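To keep things clear, I will list the structure first and then write my remarks on it.
Where a number appears in this text, it was derived from the coordinates with a stated rule and is not lab data. The structure presented is a predicted model; accordingly, all values stated were derived computationally and were not measured. Note that each Cβ is placed from the backbone with ideal geometry, even for glycine, and that neighbours are counted across all protein chains shown.
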Amino acid sequence: MYDELKQDVMKQSKGIGIDKIGFASVDVFTTLKERLKVQQENQYQSGFEKGTIEERTTPRKLMPEAQSIISIALAYPSKLENAPRSTKGDRRGQFCRASWGTDYHHILREKLEQLGEYLKEKHPDTQYKIMVDTGELSDKEVAVRAGIGFTGKNTVLITPEFGSYVYLGEMITNIPFEPDQPLEEDCGNCNLCVDTCPTGALIQGGQLNAQKCIAFLTQTKDFLPDDYRKKIGNRLYGCDTCQVVCPRNKGKNFHLHEEMEPDPEVVKPRLKPLLRISNREFKETFGPMAGSWRGKKPIQRNAIIALANYKDETAVDELIDVMKHDPRLVIRGTAAWALGKIGSESGKTAILEAKEKETDESVLAEMEKGLEFFTAPLS
């Protein structure tokens, strides 16, 4: 009976727009458990993780009746059509591909809910628990066990059909579906992602230090550590480097879901307008995408750093205004640093003036960093 139900579910999944589906056991993820212990010991975790190590590796801790897990994958686009150009005086930032279009959490959760409703119709005693990215289980580890793909040295899931440009989600169920076989593939001798990671966050193939990963750093809300400011370039949210260089992603560009199509002006926005965007404007423009979940503060901080990396002198007046009047310490201080990085005399004068009135030690420290650019030897 369950074999037939499994076939029905697979057929239904295609009908509702799921690109790949696989079935996994609810056995403890023992290898992951050991890796998480090492990650915790070395303080490699991001802090965004949910649950204890036991909860993250033992499905029955989350659902005692669990008998199997259904894993799904949806492919997203990797190429931006009609991408606007970033030009002198009109510089732009960028959101990573995983943040294009409508927030994938909503898209996958809706697909899984549809699948859950179908299961209840076919098997009224069905119980299920849905997770997409923010749950305790590792979407990637479930997908690997379910035969959806394999883990690359860049720590992301790679599928034969779509490369790593896929969103993942899963459903724990009380139905004993027969598990699928994991793929017997790996990256072989390729080490491009490890070698090209801008911050060296990939410690070795398959081990990530999230604290050094640009994708994580762009989502933090405090001052960005000095060592990483140049390295984030013009990234506003996320990082695609380890995916872009991956040979398995060559030629992979799928436009299968209309809701995932990016608006070029939103995913490559002008930087200067971001400095003065209101909460309402931010919510209306960026609210529907995954990259907005931390609010506008990290995006604005990253935009300021991007303008500094571009040495955009046309942004000096606006940065001065931000430094003098923004009530947020991180934004005010980062603007002072950026003015020093850009290096205009009007910026220097403004920092000296603002320094006389500033009372916060962290902002004053950033002002000192900004002023140091004017005395540092040219390299």
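On a full-extension model of 0.36 nm per residue, what is the gain between D226 and E372, subtracting their alpha-carbon distance, rounded to one decimal in nm? List each step's numbers first, then the result.
Numbers: separation 146, 0.36 × 146 = 52.56 nm, distance 1.32 nm.
Difference between extended and current length: 51.2 nm.
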Dipole moment magnitude, nearest 20 debye, the chain about Cα centre, only Lys, Arg, Asp, Glu C-beta charged: 920 debye
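List the relative contact order of region 181-255 as a percent without decimals, with contacts defined as Cα pairs under 8 Å and 6+ residues apart. Numbers along the way, then the final one.
Values: 58 pairs, mean separation 23.4, N = 75.
It comes to 31 percent, rounded to a whole number.
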Pairwise centroid distance, computed over Cα atoms, of region 148-185 with region 7-43, Å: 6 Å
Which of T218, T58, T30 has the fewest Cβ neighbours within 10 Å, and the rest in rising order: T30, T58, T218
T134 paired with K79, simple spin-label distance in nm, labels 7 Å along Cα-to-beta-carbon: 3.4 nm
Zero-based 20 Å bins, Cα pair distances in the chain, whole percents: 26, 51, 20, 2
Highest-fluctuation residue, P124, P176, P288 considered, GNM on the chain with Cα pairs under 10 Å: P124
Pairs beyond 32 Å (Cα-Cα), from K111/K268; K250/K341; K297/K357: K250/K341
Among S46, S362, S292: highest mean-square fluctuation, GNM of the chain, C-alpha pairs under 10 Å: S362
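Taking 1 over the mean of 1/r across every pair of different Cα atoms in region 147-243, what Kirkwood radius in Å do you get? List each step's numbers first, then the result.
Numbers: mean 1/r = 0.0650 Å⁻¹.
Kirkwood radius, region 147-243: 15.4 Å.
Taking the mean number of other Cβ atoms within 10 Å as a proxy for protection, how do you rank 98-105, 129-136, 324-331, 298-305 from highest to lowest?
Details: 98-105: 20.2, 129-136: 18.8, 324-331: 15.0, 298-305: 26.1.
Going from most to least packed, we get 298-305, 98-105, 129-136, 324-331.
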CD proxy at 222 nm, helix term only [per DSSP H run n ≥ 4: -39500 (n - 2.57); per residue of the chain; nearest 500]: -11500 deg cm²/dmol
Cα-based shape type of region 221-378, given that a ≥ b ≥ c are square roots of the gyration tensor eigenvalues and the cut on a/c is 1.5: prolate
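Taking Cα pairs under 8 Å and at least six residues apart, what relative contact order does region 1-104 come out at, in percent?
Values: 65 pairs, mean separation 33.5, N = 104.
Reported relative contact order: 32 percent.
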Convex hull of region 240-280 built on C-alpha atoms - directionally averaged projected area, nm²: 4.8 nm²
Residues of type aspartates and glutamates that K153 reaches as a straight line, Cα spacing below 16 Å, ignoring anything fewer than 8 places off in the same chain: E141, E184, E185, D186, D195, D240
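At 18 angstrom or more along the helix axis (alpha-carbon based) and mean Kyte-Doolittle of -1.0 or higher, what helices does the chain contain? Whole DSSP H runs only.
Working: long enough: 2-15 (20 Å, -1.56); 104-122 (27 Å, -1.23); 296-310 (21 Å, -0.20); 329-342 (20 Å, 1.10); 345-357 (19 Å, -0.94).
Flagged H segments are 296-310, 329-342, 345-357.
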Footprinting exposure proxy for F177, F374 (fewest neighbouring C-beta atoms within 10 Å first): F374, F177
Relative contact order (%) - the chain, alpha-carbon pairs under 8 angstrom, separation at least six: 20 percent
Farthest toward positive dipole pole in the chain [+1 Lys/Arg, -1 Asp/Glu at C-beta], among V194, Y104, T57: V194
